[in-house]
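The values are calculated or read from the model by the stated rules, or taken from the named source; none is laboratory data. No experiment lies behind these values; they were computed from the predicted model shown. Counting neighbours? That spans all protein chains shown, and the Cβs are built from the backbone with ideal geometry, glycine included. SASA here: full protein model, heavy atoms, side chains in, ligands and nucleic acids out. Shrake-Rupley method; radii C 1.70, N 1.55, O 1.52, S 1.80 Å.
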Amino acid sequence: MATEYLRYDKMVENALRGVVREALRQAAERGLPGNHHFYLTFRTNDAGVQIPDYLRGQYPSEMTIVLQYQFYGLEVEDEKFGVTLSFNNAHERLIIPFAAITTFADPSVTFALQFQPLSSQEGPTSMEEIEEEVTEEAERQAAKAGGAKQADDGKMGQVVALDSFRKK
């Protein structure tokens, strides 16, 4: 049986995405108070992202939108939000899953959050995928070292950092 770990990194990411969700909900209900405005950067090729084809062509991997003066129909759900923005004097509807967001900022109060990818196309997301990649990397390292022999300096094994598996 595989050892299960509490994924605190995922818990923190989800909690911080909740901050973005709540900020957008308040903006949808009451508008943006004072000088508040939001910069949202998201991956345009993530599953669930709905933007016009010409915008995807201009921004094939990542796009930043600004919610400040002219945004319409902001609707916030648990997993995504929708907003209508003006591009070259044409109103376009964008649907963006929270999982696609990479950066959220409100420069009026010097607040920003940066997120790790949640989609499976960006790297392992389940414990099974992570364990499989760790095992494969350990096997590759063992093969490079000539098998599972004990090193001359008396050390056994090798520590493998999970960060080496994250795609940047």
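Tabulated values for the structure
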read-out: Net +/- balance of residues flanking Gly48 in space, Cβ distance below 13 Å, scoring K and R +1, D and E -1; value: -2
read-out: Chain lengthening between Gln116 and Leu16 when straightened (0.36 nm per residue, less Cα-Cα); value: 34.9 nm
read-out: Pairwise FRET efficiency - Asn89 versus Ala47, Cβ, R0 = 30 Å, nearest 0.05; value: 0.50
read-out: Sites Asp9 and Glu77 - FRET efficiency at Förster radius 25 Å, r taken between beta-carbons, to 0.05; value: 0.55
read-out: With every protein chain in place, segment 1-118: carbon and sulfur % of accessible area (1.4 Å); value: 50 percent
read-out: Extension gain from Arg56 to Thr103, taking 0.36 nm per residue of separation minus the Cα-Cα distance; value: 15.1 nm
